[in-house]
Amino acid sequence: MSVTDEVKQRIDIVDLISRYTPLKRSGNTYKGLCPFHTERTPSFIVFPHSGTWRCFGACGVGGDVFSFVMRKENLDFREALHLLAREAGVDLAAVEGHASSQQRTSLYEINEAAANYFREILHHHPAAQPARDYLRHRGIDDAARERFQLGFALESWSSLRDYLSEKGFGLEQQLLAGLAKRNEERDSTYDAFRNRVIYPIRDRQGRIIGFGGRVLDKSEPKYLNTAETPLFHKSRVIYGLDLAHQAIRSADRVVIVEGYMDVIAAHQHGFANVVACMGTSLTADQLQQLQRYTTNFVLALDADAAGQQATIRGLNQARQALGHIHKPTVTASGILMEARLGANLFICAMPPGQDPDDVIRHDPSRWRQLVQDALPLVDFYFDIVGHQYDLASVQGKGQAVADLAPLIAELQDEIEQQHYVDQLSRWVRIEEQTIWDRVRAVARTRSLAAGRTGPKRSPLQLGSGRHRRPPSQEPAAAEAPVEAPLGAGIGDGATRASRYGREEYLLTCLLHEPDLLVWLAGASTTLEIDPLRSEDFQNVELQEIFRALKQFMTSDEQWEIELFQETLTPHLHGRLAELIVYGAQLPPRTEVEQREDLVRTLIRMRIDRLSVESKNIKFLEDEAVSQGDLEGSKQWSAIKNRHVRELYHLQQSRQQAGRLLFRRRQPEQGVRLG
């Protein structure tokens, strides 16, 4: 039994979900109002016998205890696993390593002790008066000071070291936590932070993982952060996220600033969806964390030249990190996959000479308006290009198109694309069609770059897969349909998939040849069915491996199974190894057979799920009728009819797949004359 199975077995799903929404027993199920959207008639059903739940209303989502907690608390899989494992009394140390688990716990404890010490110094020590004056001058009130646990480090080489030693924390712990440093020449240790205002840095759960310190005099460096530790990795840290994540989710927008004081001032004045990166450049890790909560990013950085350059670096990083959606587009050559940016980026320009902290403190309403009026990414670049190039010259026109076409190609909305193509065409006085040709070429090139493949008909092995599709080839989804022999058909997916489970089979195929993700997206569009989603997998471990696979395939990393494994939480390594072994045992398949199996397995998975759900819905409809609940019976009847239509469409798609995807010839029928 895997650790996730053990956790699910110990957690009472009804008890867990009841903490978020009242549930009422209904036969063998429980129903209530969906905790993920507003509704008047209960459409949220919990199935205790299978440990699953589903909303049959506006959300249409479902899953198990892990997916519920992840969605409700905005956690990733690892965070949800730790949370539920603690509640279930399951020890994860055996998987993660007992020593490592103890070490992390010890580091959290020593950081908390150090934060308490710094806080007490700021509150009461006479030497901290300049720090108190500084915070007061910056407009930080007592409530904000407490909320962010601000403190002060004395101008001493050993005061914190001595305090922590008295509390039972040894020198090695202090060094490991980055609170002390070693002088090799003198063979001694000293406090890492001295004569600085201290900003504790917390993770998403509010645990202190490190510190930032600002000097009050002219000494350098002005800001000092904790060195890299087992807890603190600067490239992953988002200051203020523990306080901001719910507001980000609620507002469906995150505002990213540079400094600690910007965040504190924003939260003090009620702008709770503001966070800071640790430095001037955003990182892929930071952006991907924030993408859990929103796809709308506002960068509010300084207006000076350095700030604008930081903004440009941040935007370039964001465009790389946020990933691209591969969208099927109909062209004269057929259906092609084009890459579109998976987020909306905006730039909030600060007034000259002011940073966000200044604007917020002096005029909160102006800050609100500046964020509201933030420029879309393309508009910002249009402004830069307009000042940077001579648009009257041939060279300037070419440079402008070269810079702006990739940005237009990333837009998800075709109307927006048309708007900016029109604008660029007028700017450079070049025909629209020429601009469109460049934009679409860029989009197809990016989609091609995302394609990766492994060796055909070879077993899936750790360490295999340094394979990239040659630049001369189109991605799988953009290729012409594959000719198939007469008589081959799309079956029910039982031949290869049933022995191991359809979900395992489908995911194993994708791990064996990740390029099939792109092909399957195009095939789904042709069949007019939804693309493969993580929700198609009922097993949470398979869900997470699939999510990670999609994320990996949008990165710049070349496909290697070992590199991919490093992106997974350790608790998923065992399941990945099982899939790898399974893949090695699969018989050789032709390209047509592999793709055929992939499509029919996906369709069969959805048919199976809808069939089970339809039986449950019929029971709920009958129960509503027996109780005289007219509104409820109408609701369940409508949902049942929707499922019937979906099942019919899937059956039709299964029957037509051979003809539409593989140019399979239909048997000729005689024509009666006269």
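Check which residues have an amide H placed less than 5 Å from residue 202's amide H, if you skip close sequence neighbours.
Under 5 Å from the amide H of residue 202: 209, 240.
So, in nm, how far is label residue 641 from label residue 567 when the simple model puts each one 7 Å beyond its Cα toward the Cβ?
Distance between the two pseudo-spin positions: 4.3 nm.
I need the calculated FRET efficiency for the pair residue 18 and residue 629, taking r as the beta carbon distance and R₀ as 25 Å, to the nearest 0.05.
That gives a FRET efficiency of 0.70.
Name the long-range amide H neighbours of residue 52: under 5 Å, sequence gap of 5 or more, or other chain; modelled H, no Pro or chain starts.
Residues meeting the amide H criterion: 47.
Taking H as built 1.01 Å from N, whose amide H comes closer than 5 Å to the amide H of residue 60, not counting residues under 5 places away?
For residue 60, whose amide H was placed from the backbone, the distant partners under 5 Å are 55.
Compare the peptides 233-246, 567-580 by average per-residue count of other Cβ atoms within 10 angstrom and give them in order, highest first.
Packing proxy ranking, top to bottom: 233-246, 567-580.
Testing the spin-label approximation: label points 7 Å from Cα along Cα→Cβ at residue 124 and residue 591. State their distance in nm.
Placing both labels 7 Å along Cα→Cβ, they lie 7.6 nm apart.
For the peptides 54-65, 648-659, what is the packing order when you average, over each peptide's residues, the other Cβ atoms within 10 Å and list the highest mean first?
54-65, 648-659
In nm, what is the difference between 0.36 nm times the number of residues separating residue 91 and residue 432 and their Cα-Cα distance?
So the extension gain works out to 116.6 nm.
Quickly work out the residue 157-to-residue 134 label distance, labels modelled 7 Å from Cα along the C-beta direction, and quote it in nm with one decimal.
2.2 nm
Checking the table 167/222; 167/234; 8/618; 8/72; 24/634 against a 22 Å threshold on Cα-Cα, which pairs fail?
Those over the limit are 167/222; 167/234; 8/618.
On a straight-distance basis, which aspartates and glutamates could pair with residue 181 in a cross-link, Cα separation under 19 angstrom, same-chain partners fewer than 8 positions away excluded?
Counting by Cα, and skipping residues close in sequence, residue 181 has these aspartates and glutamates nearby: 109, 112, 155, 162, 166, 172, 191, 220, 228.
Distance from the Cα centre of region 1-36 to that of region 577-653, in angstrom?
Rounded to whole Å, the Cα centres lie 22 Å apart.
Can you list the HN-Hα couplings for region 176-187, worked out from phi with the Karplus curve (6.51, -1.76, 1.60; θ = phi - 60°), rounded to whole Hz and with x for Gly and Pro?
5, 7, x, 8, 10, 10, 10, 9, 5, 5, 9, 6
Along each of the three principal axes of the Cα atoms of region 3-90, give the extent in whole Å, ordering the values from largest to smallest.
Principal-axis extents of the Cα atoms in region 3-90, largest first: 36, 27, 18 Å.
If you take every residue apart from residue 372 with its C-beta less than 13 Å away from the C-beta of residue 372, what net charge results, scoring Lys and Arg +1 and Asp and Glu -1?
+2
Starting with the highest mean, order 383-390, 217-224, 418-425 by the number of other Cβ atoms within 10 Å, averaged over the residues of each peptide.
Result, highest mean Cβ count within 10 Å first: 418-425, 383-390, 217-224.
Any read-out appearing in this document is the output of simple, stated calculations on the displayed coordinates, not a laboratory observation. Note that the coordinates shown come from a computational prediction; the quantities given were computed from them, not determined experimentally. Ideal geometry is used to build each Cβ from the backbone, glycine not excepted, and the neighbour counts take in all protein chains shown.
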